[in-house]
1. Do we find that Ser11 is open to solvent by less than 70 Å² (accessible area, probe 1.4 Å) and under 24 Å from Met111 (Cβ atoms) in this structure?
2. I need a count of the residues in the stretch 123-162 that are open to solvent by less than 40 Å² (accessible area, probe 1.4 Å), farther than 17 Å from Lys107 by Cβ and not aliphatic (A, V, I, L, M).
3. Among Leu60, Leu73, which is the only one that is open to solvent by 30 Å² or more (accessible area, probe 1.4 Å), in contact with a Phe, Trp or Tyr (Cβ under 8 Å, 6 or more places away or on another chain) and of a type in the set (A, V, I, L, M)?
4. Kindly evaluate Lys52 against the criterion of being within 14 Å of Ile24 (Cα to Cα) and loosely packed, with under 15 Cβ neighbours inside 10 Å.
5. Restricting to the stretch 97-122, name every residue that is open to solvent by less than 60 Å² (accessible area, probe 1.4 Å) and of a type in the set (A, V, I, L, M, F, W, C).
6. Surrounded by 20 or more Cβ atoms within 10 Å (Cβ to Cβ) and in contact with a Pro (Cβ under 6 Å, 6 or more places away or on another chain): is that true of Ala89 in this structure?
7. Does Tyr94 count as of a type in the set (Phe, Trp, Tyr) and surrounded by fewer than 20 Cβ atoms within 10 Å (Cβ to Cβ)?
8. Tell me, yes or no, whether the stretch 107-117 has at least one residue that is part of a helix (DSSP H, G or I), in contact with a Pro (Cβ under 6 Å, 6 or more places away or on another chain) and touching a residue at least 24 places away in the same chain (Cβ under 8 Å).
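The values are calculated or read from the model by the stated rules, or taken from the named source; none is laboratory data. Computed from a predicted model, the values in this text were never measured in an experiment. For neighbour counting, all protein chains shown are included, and Cβ atoms are generated from backbone atoms with ideal geometry for every residue, glycine included. Ligands, DNA and RNA are excluded from the accessible area calculation, which covers all protein heavy atoms including side chains. Shrake-Rupley method; radii C 1.70, N 1.55, O 1.52, S 1.80 Å.
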Amino acid sequence: MSNERQIIALSQELSGRWVIPILIALESSGGRFTPLQNQLQIAPARLSDNLKQLIALGLLRHLSPYERRHPLLPEYQLTDKGRLYREAAKAIRYADTEIGHGLLSAKAWNMPVLIALHMQYDRFQDIRTALGSITPRMLSMRLDELNGARLIDKQITETPRPTYAYGLTALTEAPVSRMADDLHSLL
């Protein structure tokens with residue numbers, strides 16, 4: 001798998017409302033379920049579902065009752081892969097802060113789309129191919145939202161036939177470039 005594909009895949013795995021906050025807050029909560037829930041202000045069922053997803057991805061490990069500080073209280077620990085992903089999550093969160101448009105990473109596919117545009121995939125079908133499993137409808141929605149927020153440009157090109165070309169704006173170019181470099185350095 002090429003570096004571009006790895007960076008896009010990494011950003012896809014970190015997409016979504018709770019993945020990045022959980023990875024960043026896990027150690028400060030001591031890996032315990034209730035303090036993590038209180039810190040993130042997340043519903044218990046939603047936190048449980050997200051923790052199961054992170055365990056399935058190999059980012060977390062659910063400690064056995066013999067490994068926990070208290071045998072009856074659920075406790076989680078980052079794996080080596082999880083620690084790497086936590087650093088990637090921090091890079092994405094930093095890019096969110098630099099762009100200054102709220103938590104873009106909280107919506108699935110926002111960051112992968114921005115990274116694909118940074119990597120010079122500028123046409124709809126090229127972006128879709130680079131992202132792999134995104135549906136045309138979802139890609140269209142994300143491109144429209146990012147364009148409406150003035151985070152990307154949408155221009156019509158005449159050659160070889162009329163089509164739209166997308167690109168990053170001056171506001172997003174530097175933070176996305178830095179984020180892509182940070183993600184690349186982690187791989």
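1. yes
2. Selection size over the stretch 123-162: 1.
3. Answer to the check: Leu73.
4. Here the answer is no, as Lys52 does not meet what is asked.
5. Of everything in the stretch 97-122, those that are open to solvent by less than 60 Å² (accessible area, probe 1.4 Å) and of a type in the set (A, V, I, L, M, F, W, C) turn out to be Ile99, Leu104, Ala106, Ala108, Trp109, Met111, Val113, Leu114, Ile115, Ala116, Leu117, Met119.
6. no
7. yes
8. Checked the stretch 107-117: no residue is part of a helix (DSSP H, G or I), in contact with a Pro (Cβ under 6 Å, 6 or more places away or on another chain) and touching a residue at least 24 places away in the same chain (Cβ under 8 Å).
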